[in-house]
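Beneath this line is the structure, given in structure tokens, with notes to follow.
The values are calculated or read from the model by the stated rules, or taken from the named source; none is laboratory data. Please read all numbers here as calculations on a predicted model, not as lab measurements. Every residue, glycine as well, gets a Cβ built from its backbone with ideal geometry; the counts of neighbours run over all protein chains shown.
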Amino acid sequence: MRHRLVILSAATAACATPAQEGRLFRQDIAAVSRFHVADASAQSTDVFAELSGGTTCRGRISRTDAVDMSVGPAEDRTVTSDGGVGVLVCSSNTVLRCRLVHRYANSYAYGECTDQSGVKYTVVF
């Protein structure tokens, strides 16, 4: 009976959704905070951020067509990844609009967010 329990636990762990934790760097001041994606392999998933002052933000991110953020949209000729776009609403009424690069290996790589005041953030996983 114990062997069955161990096998079942291992199988359950292998099927768990791939959550992903990253860092959110505010570009105008030296501030680092958390950025969490609930299921990096999903087409649409919940996201959570905690800003450096302790403000919490929640929202959703959805995957889009192929994107290469290193070049402009008109020059995007490579299909190495797809993108994710999302909006997070914070407890302080700050709204973050985010754009992330999603690797085909079911994980996010990096991205950027901007709030309604023009403050820019960089997201790194």
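Restricting the first member to the range 21-32 and to residues that are within 13 Å of SER117 (Cβ to Cβ), and the second to residues that are in a strand (DSSP E or B), the beta-carbon pairs closer than 8 Å and six or more apart or on different chains are ARG26/VAL32; ARG26/SER33; ARG26/LYS120; ARG26/TYR121; GLN27/LYS120; GLN27/TYR121; GLN27/THR122; ASP28/LYS120. Determine whether the range 54-72 contains at least one residue that is assigned to a loop (DSSP other than H, G, I, E, B) and modelled with pLDDT of 70 or more. Yes, the conditions are met somewhere in the range 54-72. Residues in the range 38-66 that are closer than 11 Å to SER91 by Cα and not β-branched (Val, Ile, Thr): ALA49, GLU50, LEU51, GLY54, CYS57, ARG58. Taking the range 95-116 as the range and being modelled with pLDDT of 95 or more and of a type in the set (Ser, Thr, Tyr) as the test, only THR114 passes. Restricting attention to the range 15-53, the residues that are among the hydroxyl-bearing types (Ser, Thr, Tyr), over 20 Å from VAL124 (Cβ atoms) and in a loop (DSSP other than H, G, I, E, B) total 1.
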